[in-house]
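> Submitted below is the structure of interest, expressed as structure tokens.
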């Protein structure tokens, strides 16, 4: 793992001009950040049709193959970020155990539950940032062992406890702050700690606390790396702390930009909203109403169907901007063109999403190794279920 980390670290450091970009904002420019060093790459991007861009957006392996001539290191990096997939398993649970959970989320919970139970150490469980404790239900129902569920929101604790009691499962909810030292008080030497998609500092806090008390096992699937209290990521391992790489909150969002497609309707809404925002931004700049991007809040999908002019009027009313007579059709078309320029730039950043995520996960894995744990990394579910499918499992001999 240390060798993998060092290779990834060097690759990421050497290619900062390609991933330290903001495609949304840079789409305002006609050039690319790498025009001087990689003009052939810019020419290739300009040659892509909209259909080809869309195909590459959903197929990173195809994109990697096409760009390997520009980035020869990609072939070796691909092997570093490839993880074994855990075997799928069907639980024989009654459906009422999970009433109300959306299908894809339920699949993630069951996959994570199976992975945890299959590599269980200890005689009870600690579910970190549990929500209503659906993962805890899987752990309790599978093993018959006690589950302590830590959750910050009192209403979720109450709802989760009622549900567990009605199902007669040995689950006890504790309302508390996972970042506080008080969270140590609910940990016992017999617990196997689990966390499904705990965000940023929350999953780091679990690793610090659980390793401090030498819990027998820790199984997490990290998520939302940018949700940290500081301005930059604080590496956990000695290797991470020795690296020259610094990651801001913006950088930490890059791995999260990969999403599972929601179909043509979702894709159409995204194109419409982003091109409207880009066209509106262009309009304000050229009319001299601003020289920097003005953030616009989220808009209801139903409002988008009213058209670009309606969007602009809504946004200017919101921001108290007086808009003169404008050729809305022209700016809508230019916003659409700018959208595709943004997508071209984001294709290059796409290459670095998983390497950046693996760098972050390996930093945590190496930290646990330094604390005396045996650590394995795998994929607990297919990417189509969720791109945040990395499973870090650590156990003490």
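Each reported figure results from applying straightforward, stated rules to the coordinates on display, with no laboratory input. Owing to the predicted nature of the structure, the values given are computational and were not obtained by experimental measurement. We place every Cβ from the backbone using ideal geometry, glycine too, and count neighbours over all the protein chains shown.
> Could you work out how far the C-alpha centroid of region 380-395 sits from that of region 70-105, in angstrom?
Using only Cα atoms, the two centres lie 5 Å from each other.
> For helix 134-143, what angle does its Cα long axis make with the longest principal axis of the chain, in degrees from 0 to 90 and rounded to 10?
Long axis of 134-143 versus the principal axis of the chain: about 30 degrees.
> Here is a follow-up. In the chain, if every C-alpha pair distance is counted and binned at 20 Å from zero, what percent goes to each bin?
24, 50, 25, 1
> Once you order the gyration tensor axes a ≥ b ≥ c over the Cα atoms, which shape class does region 154-275 get: rounded for a/c under 1.5, otherwise prolate or oblate by comparing a/b with b/c?
Oblate is the answer for region 154-275, as a/c is 1.5 or above yet b/c matches or exceeds a/b.
> Further question: Considering the chain as a Gaussian network with a 10 Å cut-off on Cα pairs, which listed residue, 233, 293, 225, attains the greatest mean-square fluctuation?
293
> How far, in nm, would the chain grow between residue 397 and residue 212 when pulled straight, counting 0.36 nm per residue and subtracting the alpha carbon separation?
Working it through step by step, the gained length comes to 65.0 nm.
> With a cut-off of 14 Å, note down the residues of region 73-96 whose backbone N falls inside the zone around a label point 7 Å from the Cα of residue 44 toward its beta carbon.
The answer is 73-75, whose backbone nitrogens lie closer than 14 Å to the label point.
> Sorted by packing (mean other beta-carbon atoms within 10 Å per residue), highest first, where do 193-204, 6-17, 275-286 land?
The packing order, highest mean first, is 193-204, 275-286, 6-17.
> Evaluate the distance, in nm, between pseudo-label points positioned 7 Å from the Cα of residue 326 and of residue 104 along their respective Cα→Cβ axes.
So the label points at residue 326 and residue 104 sit 3.3 nm apart.
> Compute the separation of the alpha-carbon centres of region 260-313 and region 195-221 and state it in Å as a whole number.
First find each Cα centre; the distance between them is then 39 Å.
> Still on this structure: Take residue 248 and residue 165, extend 7 Å from each Cα along the Cα→Cβ direction, and tell me the distance between the two endpoints in nm.
Placing both labels 7 Å along Cα→Cβ, they lie 4.9 nm apart.
> Nearest 5 percent is fine: what portion of the DSSP beta bridges confined to the chain is antiparallel?
In the chain, DSSP labels about 40 percent of beta bridges as antiparallel.
> How high is the FRET efficiency between residue 76 and residue 227 when r is their beta carbon distance and R₀ equals 25 Å, given to the nearest 0.05?
0.20
> Something else about it: At R0 = 45 Å, how high is the FRET efficiency between residue 53 and residue 374 if r is their beta carbon distance? Nearest 0.05 is fine.
That gives a FRET efficiency of 0.55.
> So what is the relative contact order for the chain, in percent, with contacts set as C-alpha pairs under 8 Å and at least six apart?
Relative CO of the chain lands at 22 percent.
> Continuing with the same structure: Measuring from label point to label point, each 7 Å out along Cα→Cβ, what is the residue 69 to residue 95 span in nm?
It is 5.3 nm.
> Counting other C-beta atoms within 10 Å, which of 300, 319, 209 has the fewest, and how do the rest follow?
300, 319, 209
> Next question. Report the calculated FRET efficiency for residue 294 and residue 158 (r = Cβ-Cβ distance, R0 = 56 Å), to the nearest 0.05.
With a Förster radius of 56 Å, E is 0.85.
> For the chain, find the longest principal axis of its Cα atoms and tell me its angle to the long axis of helix 328-350, 0 to 90°, nearest 10.
The answer is roughly 50 degrees.
> Find how many whole Å separate the alpha carbon centroid of region 224-249 from the alpha carbon centroid of region 339-353.
23 Å
> Calculate how steeply helix 2-14 sits against the longest principal axis of the alpha-carbon atoms of the chain, using the helix alpha-carbon long axis, and give the answer as 0 to 90 degrees to the nearest 10.
Long axis of 2-14 versus the principal axis of the chain: about 20 degrees.
> Sorted by average packing, counted as other Cβ atoms within 10 angstrom per residue and highest first, what order do 341-347, 40-46 take?
341-347, 40-46
> If you don't mind, another one. What does the helix-only formula give at 222 nm for the chain: each DSSP H stretch with n ≥ 4 adding -39500 (n - 2.57), the total divided by the residues, and the result rounded to the nearest 500 deg cm²/dmol?
Value at 222 nm, helices only, nearest 500: -14500 deg cm²/dmol.
> Subtracting the Cα-Cα distance from 0.36 nm times the residue separation, let me have the gained length for residue 85 to residue 238 in nm, one decimal.
Answer, rounded to one decimal: 52.3 nm.
> Here is a further query. Who wins for biggest fluctuation among 114, 38, 226 in a Gaussian network model of the chain, springs between alpha carbons below 10 Å?
38
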